[in-house]
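The block underneath contains the structure these notes are about, expressed in structure tokens.
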Amino acid sequence: MGTKYIFVTGGVVSSLGKGIISASIGKLLQARGYKVTIQKFDPYINIDPGTLNPYEHGECYVTADGMETDLDLGHYERFTGIQATRHNSITTGRIYKTVIDRERHGDYLGKTIQVVPHITDEIKRRMLRGEGQEGVFDFVITEVGGTIGDIESAPFMEAIRQLRWQLGRDAVCVHLTYVPYLKAAGELKTKPTQHSVKELQSMGIQPDILVLRTERHLDDVLRLKVAGFCNVDLECVVQSEDLPSIYEVPVNMQRQGLDAAILRKIGIPVGETPAMKAWNEFLEKQRKTTREVRIGLVGKYDLQDAYKSIRESLNLAGIYNDVKSKIEFINSEEITKKNVAQKLAGLAGIVICPGFGQRGIEGKIIAAEYGRTTDIPTFGICLGMQMMVIEFARNVLKYKDANSSEMDEKTPHNVIDMMEEQKNITQMGGTMRLGAYDCELIEGSRAYEAYGEETLIKERHRHRYEFNNKYQEEFENAGMKCVGINPDADLVEIVEIPEKRWYIGTQFHPEYSSTVLHPHPLFMSFVNACLKS
Ligand code: GLN
């Protein structure tokens, strides 16, 4: 079977959960034994989301091969367990950069470079995975960010139109829209969907499948109406009702035959519906959990999406520990020595979040101190780990001015310092230590136990600064141990205080590699420790 292509677009409003639908389609096809990849095309001009403020676009997700990407890639990985690569996240900026670099290089032999065909050709090349990956996948699912009608997504729509024509039945267009319920009228309204499909049609794209997001159940009469107005078969009008958990979406889509409809459109025999045993067992566990465990998230972005992968990792680890992780956000900018006990009162565990820059770091340091001195399970991630180290240096080693050179370049006690290789780099994007690196665990440490007594692990990074090895001995003598080391560069990747119940900081981001079927061992162990509070 040659590669088949599925395009996922969205209409009416943003935030309908296109990423979840794309991830669900991926999951369902994977469950049927197909080799799948999911890629996201974002219409903004940034080369990648790495330089975006999380308030703009939520968390930046990092792939194992070191690409800073959109948070939807996190959904793709958590749902399918398939690791994405740098080819799975494309922006308008990257497309233009490729074309402009080629133009400067003289590759176009004097031609006038235009949106059509040069930009659209580059989009098509990437949609077809023309990066030496032809024929690797049975299905390539391409999600296009933004909403139909946006000026900036027009070249992507044109590329899809051309590919549809070129690929014939090997391509399927799935369009996600919204059916609002008007309370005053007591009615569900299909007009926005009709308009959205008209807009798509005006660009030459006829959707094959419609997924209608709705807060209320849609009956067959309404689905028939949508099918009739939009030239779509009734069995291809699928509804995606609000569900208690995003992880219910794949099974709900399967129940409504979304994957079967895709296969039928392409002309592949549908065959038996896969049982998705492990996934359903996970859902069963999730439905049964009632007991709650309160976990504080100490960070500076008061926005659900800003720490998406950490939240999901805590949720997943909770479910596998038979508890609901009740995550409470605490703004580190508001934490002071005076109010910390009250702000963090009653929490079973504390996570100190990653981040960049000064804002809110003193609050993170105070939270780390509180966690250490009251012996509440505490998990520091990246900047969070660095704050644990600074706190320990200030309050235990008594270096009152200890800091990271990120925050105070001249600090005499730079317990966190810039890595040598980063010192001459002035550009912002993509210049960090990014992607997966090896880490050797010290036998007998809590981290080693958490990983099931593995000695060599691989975790993803995104940072410029590091634990300063000059201080290692002093830290260890005073009780904070360096228990995870990068064997190639001798960098400290994990610190812990063994005499505490659970006090671990990781320079890497374990949250990027939690998946639904494989919750991350450190989060599992952390939540487990919280339960014993
Ligand atoms: N700002 C810190 C560094 O660059 C931590 C980064 C992070 O938390 N991702 O090292």
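Computed quantities for the displayed model
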read-out: Kirkwood Rh in Å, taken over all unlike Cα pairs in the range 112-252; value: 16.8 Å
read-out: Spatial separation of Cα centroids for the range 206-265 and the range 86-140, in angstrom; value: 33 Å
read-out: Positive-end residue of 127, 149, 168, charge dipole of the range 118-195 with Cβ unit charges; value: 149
read-out: Cα long-axis angle, helix 220-230 against the chain (0 to 90 degrees, to the nearest 10); value: 70 degrees
read-out: Listed residue (203, 524, 182) projecting farthest to the positive dipole end of the chain, Cβ model; value: 182
read-out: Computed label-point distance, nm, for sites residue 278 and residue 303 using a 7 Å Cα→Cβ extension; value: 3.4 nm
read-out: Residues residue 220 and residue 333, FRET efficiency given R0 of 56 Å [Cβ-Cβ distance, rounded to 0.05]; value: 0.60
read-out: Entries of 198/277; 27/285; 285/308; 288/532 with Cα pairs more than 29 Å apart; value: 198/277
read-out: Equivalent ellipsoid dimensions for the chain as semi-axes, Å, which come from the Cα gyration tensor, largest first; value: 43, 28, 21
read-out: Other-chain or far-sequence residues with amide H under 5 Å of residue 142's (modelled H); value: 6, 7, 8, 39
read-out: Percent of Cα pairs exceeding the 22 Å cut-off, where the set is the range 82-195; value: 47 percent
read-out: The range 247-291 - Debye-derived log10 I(q)/I(0), Cα point model, q = 0.13, 0.24, 0.29 Å⁻¹; value: -0.37, -0.86, -1.05
read-out: Helix 191-202 vs. the chain, principal-axis angle (Cα, 0 to 90°, nearest 10); value: 70 degrees
read-out: 0 to 90° range, to nearest 10: angle between helix 521-531 axis and the chain longest Cα axis; value: 70 degrees
read-out: DSSP-defined beta bridges in the chain - what % are antiparallel, rounded to 5; value: 30 percent
read-out: Calculated FRET value between residue 206 and residue 288, using beta carbons and R₀ = 51 Å, to 0.05; value: 0.70
read-out: Ordering of 6-14, 135-143 by packing [mean C-beta count within 10 Å, highest first]; value: 6-14, 135-143
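Values quoted throughout were computed directly from the atomic coordinates according to the rules given, and no laboratory measurement underlies them. Quick caveat: nothing in here was measured; it's all calculated off a predicted structure. Glycine also receives a Cβ, built like all others from the backbone with ideal geometry; neighbour counts cover every protein chain displayed.
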